[in-house]
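Notes for the one structure printed next.
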Amino acid sequence: MKFTGTDSYVASDDLRVAVNAAIALQRPLLIKGEPGTGKTVLAHEVAKAIKAPLIEWHIKSTTKAQQGLYEYDAVSRLRDSQLGDERVKDIKHYIKRGKLWDAFTAAERPVLLIDEIDKADIEFPNDLLLELDRMEFYVYETQEVIKAEQRPVVMITSNNEKELPDAFLRRCFFHYIRFPDREIMTQIVDVHFCRPTHCAPRIPSNSSRRCMARCSRTSRTSISSSAWPSWRVGSSASSTKGSPPCS
């Protein structure tokens with residue numbers, strides 16, 4: 001099943017091609033762009049469009065790659081052994097599955113979102129190279145191999161706050177979503193605010209045009225795009241060249 005966009009996500013032709021190529025060739029899709037340009041929402045819309053479950057792994061500055069595979073709680077096992085708990089006989093009770101484990105063993109082919117990967121330390125992407133390439137990993141405590149029954153659709157987002165390792169980039173399709181220009185932003189406003197919905201009242205189209213004109217004038221004053229509101233939209237005024245937004 002191909003991604004052609006949704007009623008609530010304005011996607012460019014280039015973005016649709018990138019998404020469908022990543023799905024067909026079973027390679028991770030790395031999406032870069034400024035905050036608020038629809039990177040995270042894209043994974044939600046792709047999952048909805050192809051009718052796949054969505055598994056989200058939101059990265060923080062303290063997140064380690066091992067947490068995406070599994071974590072072994074040795075402290076709890078030691079405590080339970082001191083208390084005479086029978087569960088200590090089975091080490092599996094103390095292994096917490098990570099998001100990659102969930103994605104690899106899902107009954108249906110899922111969409112796996114690794115969100116804001118650039119928040120983690122520089123070695124984080126390298127620590128996932130083998131697992132994302134082979135779609136398997138080894139659990140040392142139980143001496144078992146967890147291998148993907150079907151390769152998930154992996155979507156990785158980055159706010160471009162730091163450079164990612166070349167070895168990681170070579171394993172991904174890459175797409176850059178620029179901050180939307182006036183034409184694309186008009187389409188976004190029309191989709192979200194110029195149609196009557198259960199959550200948003202309809203606004204006149206001429207009002208949206210005046211809003212876009214004002215936004216266009218504001219953008220020409222060279223205000224940083226980070227000062228714009230974080231629209232819950234997918235813009236996809238996109239570029240595969242990685243040029244900075246609003247250039």
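The values are calculated or read from the model by the stated rules, or taken from the named source; none is laboratory data. Model, not experiment: these values are computed from the prediction. Here Cβ is always computed from backbone atoms with ideal geometry, including for glycine, and neighbour counts include all displayed protein chains. Protein only, heavy atoms only, side chains kept; ligands, DNA and RNA dropped before computing areas. Shrake-Rupley method; radii C 1.70, N 1.55, O 1.52, S 1.80 Å.
Considering only segment 68-88, I want to know if a residue exists there that is touching a residue at least 40 places away in the same chain (Cβ under 8 Å) and within 28 Å of TYR176 (Cβ to Cβ). Yes - at least one qualifying residue is present in segment 68-88. Please enumerate the residues belonging to segment 172-189 that are at pLDDT 70 or above and either among the charged types (D, E, K, R) or assigned to a loop (DSSP other than H, G, I, E, B) (or both). Result: CYS172, ARG178, PHE179. For segment 95-119, a residue qualifies if it is over 15 Å from ALA148 (Cβ atoms) and assigned to a helix (DSSP H, G or I), and the qualifying residues are ILE117, ASP118, LYS119. For segment 120-134, enumerate the residues that are closer than 17 Å to GLU56 by Cα and not in a helix (DSSP H, G or I). Selection gives ALA120, LEU128.
Within segment 95-105, the set of residues being in contact with a Leu (Cβ under 8 Å, 6 or more places away or on another chain) and open to solvent by 30 Å² or more (accessible area, probe 1.4 Å) comprises just one member, LYS99.
Scanning segment 135-171 for residues that are part of a loop (DSSP other than H, G, I, E, B), buried (at least 19 other Cβ atoms within 10 Å of the Cβ) and in contact with a Lys or Arg (Cβ under 7 Å, 6 or more places away or on another chain) yields MET135, PRO152.
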